[in-house]
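Chemist: Handing you this structure, nothing more for now.
The values are calculated or read from the model by the stated rules, or taken from the named source; none is laboratory data. What you see is a predicted model; the values in this text were computed from it and never measured. All Cβ positions, even for glycine, are placed from backbone atoms using ideal geometry, and neighbour counts span all protein chains on display. Keep in mind that these areas ignore ligands, DNA and RNA; they rest on the heavy atoms of the full protein, side chains included. Shrake-Rupley method; radii C 1.70, N 1.55, O 1.52, S 1.80 Å.
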Amino acid sequence: MIACDVAVIGGGPAGSSAAWRLKRGGADVIVLDKESFPRLKLCAGWITPEVVRDLEMDIACYPHRFLTFDKLHIHLKGLHLRVPCVQHSIRRFEFDAWLLERSGAPVVQHNVKHIRQENGIYIIDDAFKCKYLIGAAGTRCPVYRAFFKELNPRADELQTATLEHEIEYDWRDPDCHLWFFEKGLPGYAWYVPKQNGWLNIGLGGMATRLKKHALKDHWAKFAGKLDRKLAPRAQYHPEGYSYYLRGKVETAHIRNAFITGDAAGLATRDMCEGIGPAIRSGLRAAESILDNKPYDLSTVTGASLGGGVPSRMLDWAFTRGAM
Ligand SMILES: Cc1cc2nc3c(=O)[nH]c(=O)nc-3n(C[C@H](O)[C@H](O)[C@H](O)COP(=O)(O)OP(=O)(O)OC[C@H]3O[C@@H](n4cnc5c(N)ncnc54)[C@H](O)[C@@H]3O)c2cc1C
């Protein structure tokens, strides 16, 4: 059996950030992920300046595709607003592998199935044992299922359903476009270009408010719209994934076990942003272990737009009623 101080289950942004911080603090940490990196992660790959800061990234030294937007195009009920701001895009295929390698932690490809606790030690599939456990394996995280599910049941009304595809495409418009509540979608659709000829398009909405097959119908209309203007002749094979927006998260830390990122359901309620909350919660879990202090999620924002009126309106419109 392989022994370590901390086992991090999942090597996405939450897990790699936790591992990075733990390694820097001198901890004996191992990351277990069911996939071999680089691996596909369904995601638009839009990141905020806070993500760049939290990761202490020197953008000039980042070795992969990185595009900066100086505005967002918001399309709402026929209105077209150009909102000045700084945002970025990356490809998750590249970004996640880079983060994980940068963490310096050993990574073992292993699909975690069973975790039990014996005399203060966590035993994972009878193959690994550790004193501390960080659950960072996304929506179906085995740490969440083993220790947190009963205490933190997820709220159905906070579940998002998505469809997306990232393709090699010689885009012409280098800006990011978002269409809110188009044709009754309880969410939004996106066009997110990546540096050097990649493009991510997708859409998502609140699962309980979508009729069966509705996402596919929305996709067909959205692809038709893009074909007419922004992305002619692009071919898509969209896939779906589901995750949870921030609920109460009553308990994210029990004894020496923690849940982070999508495992804890931390994506923001106004923009469904999950990368930033995953990274920050991973860092906070690591600091809690290193400094023996409480795992504090109060600095992990639940609102990308700052929690003001636009944030609250989007939160309300997503979860309670389409505009
Ligand atoms: C279509 C779509 C678009 C999105 N767009 C954006 C966006 O543009 N910006 C943004 O901020 N957020 C976006 N999100 C949300 C964002 O992708 C997630 O919130 C974020 O990836 C959460 O990070 P994480 O590290 O918690 O989990 P993940 O990134 O899901 O990583 C979890 C890791 O755990 C591994 N794993 C899973 N199960 C096991 C197991 N049993 N054993 C071992 N390993 C396991 C997986 O292989 C994976 O590598 C989007 C989500 C979707 C679905």
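Chemist: What are the residues in region 275-296 that are within 15 Å of the ligand (Cβ to nearest atom) and open to solvent by less than 20 Å² (accessible area, probe 1.4 Å), if any?
Modeler: Matches in region 275-296: Ile275, Gly276, Pro277, Ala278, Ile279, Ser281, Gly282, Leu283, Ala285, Ala286.
Chemist: Same structure again: With touching a helix residue (DSSP H, G or I) at 6+ places or on another chain (Cβ under 9 Å) and open to solvent by less than 80 Å² (accessible area, probe 1.4 Å) as the only criterion, which of Leu72, Leu100, Leu67 stands out?
Modeler: Leu100 is the lone residue from the list that is touching a helix residue (DSSP H, G or I) at 6+ places or on another chain (Cβ under 9 Å) and open to solvent by less than 80 Å² (accessible area, probe 1.4 Å).
Chemist: Tell me, which residue of region 200-222 that is open to solvent by 20 Å² or more (accessible area, probe 1.4 Å) and of a type in the set (Gly, Ala, Ser) is farthest from His165 (Cα to Cα)?
Modeler: By that ranking, first place goes to Ala207.
Chemist: Hey, another quick one. Please work out if Pro38 is free of Cβ contacts under 8 Å to residues at least 40 places away in the same chain and open to solvent by 60 Å² or more (accessible area, probe 1.4 Å).
Modeler: Criteria not met by Pro38.
Chemist: A follow-up question, please. Picking from Ala3, Ala7, which residue would you name as being more than 8 Å from the ligand (Cβ to nearest atom), over 28 Å from Tyr244 (Cβ atoms), in contact (Cβ under 8 Å) with a residue 12 or more places away in the chain and open to solvent by less than 80 Å² (accessible area, probe 1.4 Å)?
Modeler: Ala3
Chemist: Please enumerate the residues belonging to region 239-274 that are surrounded by fewer than 18 Cβ atoms within 10 Å (Cβ to Cβ) and within 22 Å of Phe93 (Cα to Cα).
Modeler: Of everything in region 239-274, those that are surrounded by fewer than 18 Cβ atoms within 10 Å (Cβ to Cβ) and within 22 Å of Phe93 (Cα to Cα) turn out to be Glu239, Gly240, Tyr241, Ser242.
Chemist: Still on this model: Are any residues in region 168-199 part of a strand (DSSP E or B) and either surrounded by fewer than 16 Cβ atoms within 10 Å (Cβ to Cβ) or among the charged types (D, E, K, R) (or both), and if so, which ones?
Modeler: Of everything in region 168-199, those that are part of a strand (DSSP E or B) and either surrounded by fewer than 16 Cβ atoms within 10 Å (Cβ to Cβ) or among the charged types (D, E, K, R) (or both) turn out to be Glu168, Lys194.
Chemist: Restricting the search to region 1-58, which residues are in a loop (DSSP other than H, G, I, E, B) and of a type in the set (Val, Ile, Thr)?
Modeler: Thr48
Chemist: Considering only region 59-88, how many residues are assigned to a helix (DSSP H, G or I) and among the polar types (S, T, N, Q)?
Modeler: 0
Chemist: Can you tell me how many residues in region 225-235 are open to solvent by 40 Å² or more (accessible area, probe 1.4 Å) and either within 16 Å of the ligand (Cβ to nearest atom) or touching a Phe, Trp or Tyr at 6+ places or on another chain (Cβ under 6 Å) (or both)?
Modeler: So the answer is 0.
Chemist: Across region 128-150, what is the total count of residues that are open to solvent by less than 40 Å² (accessible area, probe 1.4 Å), under 14 Å from Gly282 (Cβ atoms) and either part of a helix (DSSP H, G or I) or not aliphatic (A, V, I, L, M) (or both)?
Modeler: Here the count works out to 4.
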